[in-house]
Amino acid sequence: TLQLLKSIEHMDPPRRSGALLPASLLRPPRLVGRAAAWQQLQAAWDSARAVLLLGEGGIGKTRLLDDFMQARDGALHGRARPGDGASPYATLLPLLQQALQRHQPALEPGTRLELARLLPELGPAPPHEGRQAVLWQAVEALLERCRARGLQAIVVDDLHLADPATLDLLHWLLGSPRLSGLHWLFAARPDEPEPASPLLRDWLGGSLRIEPLHLQPLDAQQVAELLDSLQLPADSGAAATQAAALHRHAGGHPFFTLETLKSQLLAH
């Protein structure tokens, strides 16, 4: 390791073009081309229906969720991580910890004891073997108490990376009468080679509890609107008149569109 450090220190510094990327390319200043999806999200929110945003990576699921939830308080935000699929309830645990820290719910002794199987901060876990139904009911009771103390929504991104135990429990919670009025928003990539993918298909095929919302690439007009919103320098080659060519090149995919523009700027 020390030899590698010494080699790096003696390397010639990389040559820089001097080009600086505008902040608008790192995060576009406004959401473009998602008016219909926003309306569908709003309708589901108003009727307290769960929503599962579906789309390939970089299509804009996270940005849409972030912007939609920006003016709405009382939400727990979670994200499944690579590797979660190998550990039961790995995706759920950060959400439960958030709920405890933010809402400080008063829990019944039995509920607290059962939740200690997942949350060591609640004390020692019971010595006897646990039962799934009892654990799920304890999580339900926790969220119900948090609901009474201001919890309004649970948002989980990258759900395709979640562990199967979390997915099964979330699916069960969606139908809980005790949690009626709680808003659920999820985002996932469809057909990923992850353990969660078959379970997510079961969510959509075997239940009326969740509404799928498929995000599509931007059309040429929306790409032109995106370019206009970025307010790039006139000599960057990103004028709205070139939107059609950019749309053909990147297919209306927001991430690829922005990466193409970055490459054009850095090449100048």
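The values are calculated or read from the model by the stated rules, or taken from the named source; none is laboratory data. In this text, all values refer to a predicted model and were calculated from it rather than measured experimentally. Every residue, glycine as well, gets a Cβ built from its backbone with ideal geometry; the counts of neighbours run over all protein chains shown. SASA here: full protein model, heavy atoms, side chains in, ligands and nucleic acids out. Shrake-Rupley method; radii C 1.70, N 1.55, O 1.52, S 1.80 Å.
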Worksheet, complete the sentence: Scoring only Lys, Arg, Asp and Glu (+1, +1, -1, -1) among other residues with Cβ under 15 Å from the Cβ of Ala220 yields -2
Practice prompt. Give the Debye-formula value of log10 I(q)/I(0) at each listed q (0.22 Å⁻¹), with one equal scatterer per alpha carbon of segment 145-187, two decimals each.
Written response: -0.80
Item to complete: Heavy atoms only, probe 1.4 angstrom, no DNA, RNA or ligands counted: give me Val155, Val134 ranked by accessible area, highest first.
Response: Val134, Val155
Worksheet item: Among the GluC sites (Glu not before Pro) within segment 63-131, which fall in a DSSP loop and have no more than 11 other Cβ atoms within 10 Å of their own Cβ?
Response: Glu129
Discussion item. Tell me whether segment 95-199 comes out rounded, prolate or oblate; compute the Cα gyration tensor, take square roots of the eigenvalues as a ≥ b ≥ c, and use a/c under 1.5 as the rounded threshold.
Written reply: oblate
Discussion item. If I model a spin label as a point 7 Å beyond the Cα along the Cα-Cβ vector, how far apart are those points for Arg81 and Phe255 in nm?
Written reply: 1.9 nm
Worksheet entry | Descending Cα extents along the principal axes, the chain, whole Å | 67, 57, 33
Item to complete: Roll a 1.4 Å probe over the protein chains and send me the accessible area per residue for segment 133-268 in Å².
Response: 46 Å²
Worksheet item: If you line up the long axis of helix 164-174 against the longest principal axis of the chain, both from Cα atoms, how many degrees apart are they, to the nearest 10?
Response: 70 degrees
Worksheet item: Sorted by mean Cβ packing within 10 Å, highest first, what order do the peptides 249-259, 101-111, 51-61 take?
Response: 51-61, 249-259, 101-111
Item to complete: For every helix of n ≥ 4 consecutive DSSP H residues, a contribution of -39,500 (n - 2.57) applies; sum these over the chain, divide by its total residues, and give [θ] at 222 nm rounded to the nearest 500 deg cm²/dmol.
Response: -13500 deg cm²/dmol
Worksheet item: Counting only protein heavy atoms, what percent of the accessible surface of the chain is carbon or sulfur at a 1.4 Å probe?
Response: 53 percent
Practice prompt. Multiply the residue gap between Glu129 and Arg178 by 0.36 nm, knock off their C-alpha separation, and tell me the result in nm, one decimal place.
Written response: 15.0 nm
